[in-house]
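Note sheet for the following structure.
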Amino acid sequence: MPKIKAITFDLWDTILRDDSDEPKRKAAGRPTKKEERRELVHRFCSAHGQIAREVVNRVYDTADAAFNKVWKERHVTWTVRERLEIVIRGLGRDLPDIEFAELVRLHEEMELEFRPDVVPGAAEALKRLHETCRLGVISDAIFTPGRALRMILSDAGLLGYFELFFFSDETGRSKPDPLAFQHAIETFGIKPAELVHIGDREHNDIDGPHRAGARAVLCTAAIDRGSAGTRAEAVFGDYRELPDIIDSINR
């Protein structure tokens, strides 16, 4: 097998710990992100006529369910603007453009106020791997778009390690669509087997690259979603192990 020339990483629960911002929000007396999103819609819509919070919750929950179905079955993640258009239409409202744009922005930048934590050891591993491999990010964007994720990576001192970014809100496709990994292969100008993808979800981060002819390593450093039955080439729960795993694959 050819040696690894490029490595792509998932972000959530691989480099950034998902929902690690929630305790920070709670300490600041703020609601959960889920609650605050619904509060925002209720506040913006209530400015144009009374509406029950329970109705907002119900319509928002329905839109979320539709988003999840399309994401998981069609490998498409609607943008926040698209999701909120569905919610607002479902509520029978029509917000002025400037207000709707602000509602979208507040959703998209929510995780810039309380930043997620970097998974322990990830920064050190990226620094070491960057010395010998080309690195990229392949990440689904659920609420926080690629532009905000780049800001989070930049402020954490990690952005400069990556030369490729494939965010689903920008490309229209999400993992495990092979297109995400084929894009990385073509951009790096390498053979499929010369790419290895690192991620925490078997369906997205292991099956996806395998379908594109690439290799995959399962990360359990933030959460173990079922490593016992993985088809990954390797598994690690401590980022200090990852450089040695790449060396082992190359041998």
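The values are calculated or read from the model by the stated rules, or taken from the named source; none is laboratory data. All figures in this text were calculated on a predicted structure; none of them were measured in a lab. As a convention, Cβ positions derive from the backbone with ideal geometry for all residues, glycine included, and neighbour counts pool all protein chains shown. Keep in mind that these areas ignore ligands, DNA and RNA; they rest on the heavy atoms of the full protein, side chains included. Shrake-Rupley method; radii C 1.70, N 1.55, O 1.52, S 1.80 Å.
Heavy atoms of the protein chains alone define the surface here; on that basis the stretch 22-92 has 57 Å² accessible area per residue at 1.4 Å probe size.
Helices in the chain, meaning DSSP H runs of at least 4 residues, each add -39500 (n - 2.57). Divided by all residues, the mean residue ellipticity at 222 nm is -13500 deg cm²/dmol.
Divided by 2.2 N^0.38 Å, where N counts the residues, the Cα radius of gyration of the stretch 4-147 comes to 1.24. Remark: the stretch 201-251 carries 47 Å² of accessible area per residue (probe radius 1.4 Å; ligands, DNA and RNA excluded).
Only alpha carbons enter this Debye calculation for the chain, each as an equal point scatterer, and the log10 of I(q)/I(0) it gives at q = 0.14, 0.17 Å⁻¹ is -0.94, -1.26. Computed extension length for VAL70-ASP94: 6.2 nm, one decimal, from 0.36 nm per residue of separation with the Cα-Cα distance subtracted. If R0 is 35 Å, the Cβ-Cβ spacing of HIS48 and THR132 corresponds to a FRET efficiency of close to 0.05. The stretch 190-226 and the stretch 129-174 have their alpha-carbon centroids 16 Å apart. Taking Cα atoms only, the orientation of helix 178-188 departs from the longest principal axis of the chain by about 60 degrees. Each residue of the stretch 151-163 is assigned a 3J(HN,Hα), and the resulting list reads 5, 5, 5, 5, 5, 8, x, 10, 4, x, 6, 10, 10 Hz, derived from the Karplus form 6.51 cos²θ - 1.76 cosθ + 1.60 (θ = phi - 60°), x at Gly and Pro. Given a cut-off of under 8 Å on Cα pairs at least six residues apart, what relative contact order in percent is computed for the chain? Normalised by residue count, the contact order of the chain is 27 percent. The slack between THR62 and ASP247, meaning 0.36 nm per residue of separation minus the straight C-alpha distance, is 61.9 nm.
Each residue of the stretch 47-60 was assigned a 3J(HN,Hα) from its phi angle through the Karplus curve 6.51 cos²θ - 1.76 cosθ + 1.60 (θ = phi - 60°); the sequence is 5, 10, x, 4, 8, 6, 4, 4, 5, 4, 4, 5, 5, 5 Hz, with glycine and proline shown as x. Using a probe radius of 1.4 angstrom, the carbon and sulfur fraction of the accessible surface of the chain is 50%.
Residue pairs exceeding 28 angstrom between C-alpha atoms, taken from LYS34/LYS127; LYS69/LYS191; LYS33/LYS69: LYS34/LYS127; LYS69/LYS191. Within the chain, DSSP assigns beta bridges of which about 5% are antiparallel (rounded to the nearest 5).
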